[in-house]
Each structure stands twice: as structure tokens, then as C-alpha cells.
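Comments concern the structure below.
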């Protein structure tokens, strides 16, 4: 029997009714056999302050511990002003510091996003990919999960109803799990 691939889902929004949180809930339910996905809420992570990077707040320590315990990361990013949210960027910065103690180093990652707009977070995901390059995180390139016009793809309870989006999420999780297995076999 093969080992369970543990994926940590990170929503880039603090809003409880966020479409990106809902997309992660859908991913938890859609996870293929051999994959377990848990979500980490970024609530309570303070603004990054380099004066405190060597003795970070407890919530940041917990975040870094959860990242390190995961086999892979699944980001669900909203798009704010053509980029990732400040909340997500702030959390990424905390977990990458202090220099030489990045929790992200070499961690496989994938991303998805939901937006009420017509591009479904394409620009935010592009920026996130640029950030992940400097963190040395191998990323899944295809499939892209861009849930556009999200208000039409989720019901009033926050359940993903769009079958095409569900299929892309399943494929994304499969490809991410395959990447994890491949990297483990090479080490």
C-alpha cells in the first residue's frame, strides 16, 4: 500500500464566505485515493516584521510546522488588484524567514483560484508562480484551475456545482500527488 500524500491547502482570503475557501473545501472532498488535504486558515498571522523573524509569533510557528509536515501545498488565491492578496503574500513572507530557514524550500506546490471576474485569478496565479520561483518550490503547470464567474459556479451554501471545475481540481490534485511521488523517488 502506498503512502498517503498530505497536502496543505492555503486560502489567500480571510473572508469566511470566500470562493477560494469554498474551492479548497471542494478539493478536500474531491481528493483522489491516496491524497489527504487539510486547510490552514491564515487568520491571526500578524503583518511581517523583520525585527521578530527570529522569534516569530506562535501562529507563525504553527504555520511553518504545518508547511514542513505537508508533502505539498495547494494555494487557493483570490485576485486583488491583478495580484495575490496581501494576506497571502504576508504569510508567504513569514514562512520564508529568517534567511536560511524557509519552510517552503523544495516543497511541491499547485495553485487554483476563484473570482467573480472573467479571468478566474489568472493574473494572481501568474504572480504567485513568480513568488514560488524565488522560494525554490517545484510547481504544477497544468492543469490550470481558474474558476471564473465564481458566483455562478458555487451555490448559496458555498458548494462547488460546476462539473468542469471539479474535474480540473481532481486532475490538479492527481498531478500534484504524482509530482510529490516523483520527487521522493529521486531523493
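Here, each number is a calculation from the coordinates, and none is a lab measurement. These numbers were taken from a predicted model, which means no experiment stands behind them. Neighbour counts are summed over all protein chains in view; Cβ atoms, including those assigned to glycine, are modelled from backbone coordinates with ideal geometry.
Data for the structure
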read-out: Convex hull projection area averaged over all views, region 5-186, Cα basis, nm²; value: 9.8 nm²
read-out: Residues 73, 4 arranged by fewest to most Cβ contacts within 10 Å; value: 4, 73
read-out: Distance-filtered residues of region 33-52 - backbone nitrogen under 15 Å, label point 7 angstrom along residue 101 Cα→Cβ; value: 49-52
read-out: Cβ-Cβ FRET estimate between residue 127 and residue 3, R0 fixed at 35 Å, reported to 0.05; value: 0.60
read-out: Ranked 65, 77, criterion: other C-beta atoms within 10 Å, fewest first; value: 65, 77
read-out: Nitroxide proxy distance, nm - points 7 Å out along Cα→Cβ at residue 52 and residue 141; value: 4.0 nm
read-out: Per-pair calculated FRET efficiency, R0 = 45 Å: residue 82 and residue 155 via Cβ, rounded to 0.05; value: 0.95
read-out: Estimated distance in nm for a label pair at residue 43 and residue 29, the labels positioned 7 Å out from Cα along Cα-to-Cβ; value: 2.1 nm
